[in-house]
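The next block holds one structure in the form of structure tokens; read it before the comments.
None of the figures in this text is laboratory data; all of them are computed from the coordinates on show. Every value quoted in this text rests on a predicted model; they were computed, and no experiment measured them. Please note: Cβ atoms are built from the backbone with ideal geometry, for glycine as well, and neighbour counts cover all protein chains shown.
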Amino acid sequence: MLRIAFNRQPLLLLSRRTFATEASSRALPSAVYTNASGKGDPSTTSTPEDITEAQRKVLDAALRVDQAGEIAANYIYNGQLAILGRDRKLRPLIQEMWDQEKKHLEVMNKLQVQHRVRPTLMWEVAKVAGYGLGAVTALLGKEAAMACTEAVETVIGEHYDDQLKELDEMSTSHSSIPLLKEVIKEFRDDELEHLDIAVENDSQRAPAHALLGTVIGGGCKVAIELCKRF
Amino acid sequence: MAGVRTRLLQLTLPLVRSHGFTRHALAQSVLALPAPHPEPLSDTAVSALFGEGDEARRTLIEAWLDEGRKQMRHAPSRSIKDVLAARLRYNESVVDLLPEAFATLVTPEGIPFVDPRPALSHAAKVADEACNVVNDQSVGPSWYARRTSIAAIYTAAGVTTPTNVTKDSRGFP
């Protein structure tokens with residue numbers, strides 16, 4: 001659906017990038033985790049105790065998946081850069097996206113500790129699979145690497161949207177949940193920006209683009225379900 | 001109903017030392033209410049609130065274990081040693097009752113063999129609480145490694161905690 005929107009409405013790309021630029025000039029929600037401003041604040045140091053057991057499991061699974069996703073994303077870009085690092089046009093783009101994912105992972109690690117979430121048992125698998133996916137698609141060519149980014153970021157963007165809906169249903173007076181929602185929105189927008197970059201850089205010209213996108217997207221969905229449980 | 005159940009479980013905990021992890025202790029809990037009940041709960045009421053047979057005892061044991069984890073937050077310092085020591089000290093008042101209590105947990109009704117999961121779960125929860133109290137920042141595999149080692153230490157310390165023994169006339173156990 002997002003792919004069709006981009007084909008027919010290229011202006012959407014500009015508007016999303018403009019929004020992101022404007023957002024960057026304001027304090028980002030994740031800044032409370034990446035700088036010391038949030039220390040001692042209950043919204044960054046404690047977890048709600050007034051949610052039900054079922055809601056706790058939802059929160060637990062959500063953060064576990066998010067953390068695993070950011071690990072995989074880090075290693076995908078790592079793998080891509082290992083192969084495409086000499087490409088003068090793509091190198092800075094991939095590096096910029098990777099730097100954003102590093103920040104995402106830093107925040108997710110802090111959220112995992114704050115909310116006392118068990119990290120995924122698939123931690124090392126996420127690293128290996130991410131690196132492998134990034135490197136293999138990069139070996140298929142620049143367009144395939146961008147198609148990989150497009151597919152992964154599409155799934156992640158939709159996944160974050162689903163999580164926001166789940167968090168909206170959580171009734172708690174604890175300040176950490178509204179902050180978490182803002183952080184997830186910020187990260188969702190970052191991931192969609194990566195999707196934009198991928199499309200702008202000819203992801204849809206990749207050989208067997210539809211097949212590649214379907215396989216990678218399907219793999220991401222399987223990984224999400226596994227990390228929710230394990 | 002859930003609120004009443006939780007409240008009565010809390011009132012039962014101080015009675016464990018004198019009445020054990022028993023349905024009788026649960027029945028007596030209403031006598032400790034601010035507006036005390038005139039008589040203990042009937043067996044039917046205990047079953048309705050806490051479960052039939054040994055299920056009620058398991059509910060009480062789990063509540064007692066939950067309280068033990070809360071007590072860890074009041075350890076004198078934020079070292080793993082002191083936090084685990086605080087948890088083991090919580091056991092002292094009922095140390096004679098613990099072997100039978102854990103036996104009850106690991107032998108659920110309807111299952112013809114020992115189920116180690118409750119015991120493993122208890123050690124894991126204690127380890128996780130200890131890490132939370134000391135503000136452990138581990139992520140990934142080191143999260144598991146740290147908790148596994150702390151759970152093993154706690155379990156070993158718990159197993160070797162001496163219980164009161166009956167001595168013969170010469171003073172030998």
For the stretch A:106-149 and the stretch A:175-191, compute the distance between their C-alpha centroids and round to whole Å. 19 Å
Contact order relative to length of the stretch A:50-229, as percent, for alpha carbon pairs under 8 angstrom and 6 or more apart: 32 percent
Assign unit charges at the C-beta atoms only (+1 for Lys and Arg, -1 for Asp and Glu), then state the dipole size of chain B relative to its Cα centre in Debye, rounded to the nearest 20. 640 debye
Toy charge model, Lys and Arg Cβ at +1, Asp and Glu Cβ at -1: chain A dipole around Cα centroid in debye, rounded to 20, equals 500 debye
Which one, A:L28, B:P76, B:A27, projects farthest toward the positive side of the charge dipole computed for the protein assembly as shown from Cβ point charges (K/R +1, D/E -1)? B:P76
Can you tell me how the protein assembly as shown classifies by the Cα gyration tensor, rounded, prolate or oblate, using a/c under 1.5 as the rounded cut? prolate
Give the aspartates and glutamates reachable from A:K57 as a straight Cα distance under 19 Å; neighbours fewer than 8 places away on the same chain don't count. A:E49, A:D66, A:D161, A:D162, A:E166, A:D168, A:E169, A:E225, B:D66, B:D128, B:E129
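Counting Lys and Arg as +1 and Asp and Glu as -1, what is the net charge of the other residues whose Cβ lies under 14 Å from the Cβ of A:K142? Kindly include the intermediate steps, with their values, before the conclusion.
Working: positive: A:R86, A:R88, A:K89, A:R91, A:R205; negative: A:D87, A:E143, A:E150, A:E200, A:D202.
Neighbourhood net charge equals 0.
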Taking R0 as 56 Å, what's the FRET efficiency between A:D87 and B:K81 from their Cβ-Cβ distance, rounded to 0.05? 0.55
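Please list the three semi-axes, largest first and in whole Å, of the ellipsoid equivalent to chain B, using sqrt of 5 times the eigenvalues of its alpha carbon gyration tensor. Please list the in-between numbers first.
Numbers: eigenvalues 171, 90, 61 Å².
The equivalent ellipsoid of chain B has semi-axes of 29, 21, 18 Å.
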So which trypsin sites (Lys or Arg not before Pro) in the stretch B:1-82 pass both tests, a DSSP loop state and at most 13 other Cβ atoms within 10 Å of the Cβ? B:R78
Ranked highest first by average number of other Cβ atoms within 10 Å, how do B:131-144, A:147-160 line up? A:147-160, B:131-144
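Under the rule that an exposed site lies in a DSSP loop and has at most 11 other Cβ atoms within 10 Å, name the longest stretch of chain A with no trypsin sites (Lys or Arg not before Pro) of that kind, not counting the sites themselves.
Longest run free of exposed loop sites: A:90-230.
Mind checking the mean number of beta-carbon atoms from other chains within 10 Å of the Cβ atoms in B:144-150?
Details: counts 4, 0, 0, 1, 0, 0, 0.
Averaged over the peptide's residues, the number is 1.
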Would you look at the GNM of chain A, springs on alpha carbons closer than 10 Å, and say which of A:E101, A:E53, A:E143 moves the most? A:E53
In the stretch B:80-119, whose amide N lies under 17 Å from the spot 7 Å out along Cα-to-Cβ of B:S47? List them in ranges. B:109-110
Set A:K142/A:K228; A:K228/B:K81; A:K89/A:K185; A:K165/B:K70; A:K103/A:K221 screened for pairs whose C-alpha atoms are more than 26 Å apart: A:K142/A:K228; A:K228/B:K81; A:K89/A:K185; A:K165/B:K70
Taking every pair of Cα atoms in the stretch A:157-197, average 1/r, invert it to obtain the Kirkwood radius, and report Rg/Rh to two decimals. 1.06
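Using a Förster distance of 60 angstrom, determine the FRET efficiency expected from the C-beta separation of B:F102 and A:L140, and round it to 0.05. Write down the numbers at each step before the final one.
On the way: r = 57 Å, r/R0 = 0.95.
The calculated FRET efficiency here is 0.55.
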Around B:L105, with a cut-off of 14 angstrom between Cβ atoms, what is the net charge of the other residues, counting Lys and Arg +1 and Asp and Glu -1? -3
Over all alpha-carbon pairs of the stretch A:50-229, lay out the pair-distance distribution in 5 Å bins, whole %, shortest bin first. 1, 9, 18, 22, 19, 13, 9, 5, 3, 1, 0
On the formula 1/(1 + (r/R0)^6), with r taken between the Cβ atoms of A:E200 and B:I153 and R0 of 51 Å, the FRET efficiency rounded to 0.05 is 0.40
Report the one residue of B:G158, B:Q10, A:M170 whose Cα lies farthest in the direction of the positive end of the charge dipole of the protein assembly as shown (charges on C-beta: Lys and Arg +1, Asp and Glu -1; origin at the Cα centre). B:G158
By how many degrees, 0 to 90 and rounded to 10, does the Cα axis of helix A:90-114 deviate from the longest principal axis of chain A? 20 degrees
Taking the Cα atoms only, what angle lies between the long axis of helix A:142-168 and the longest principal axis of chain A, rounded to 10 degrees? 20 degrees
How well do other chains shield peptide A:117-129, expressed as the mean number of their Cβ atoms within 10 Å of each residue Cβ? 2
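Highest mean first, what order results for B:94-101, B:150-157 on Cβ atoms within 10 Å?
Working: B:94-101: 14.6, B:150-157: 16.5.
With the highest mean Cβ count within 10 Å placed first, the list reads B:150-157, B:94-101.
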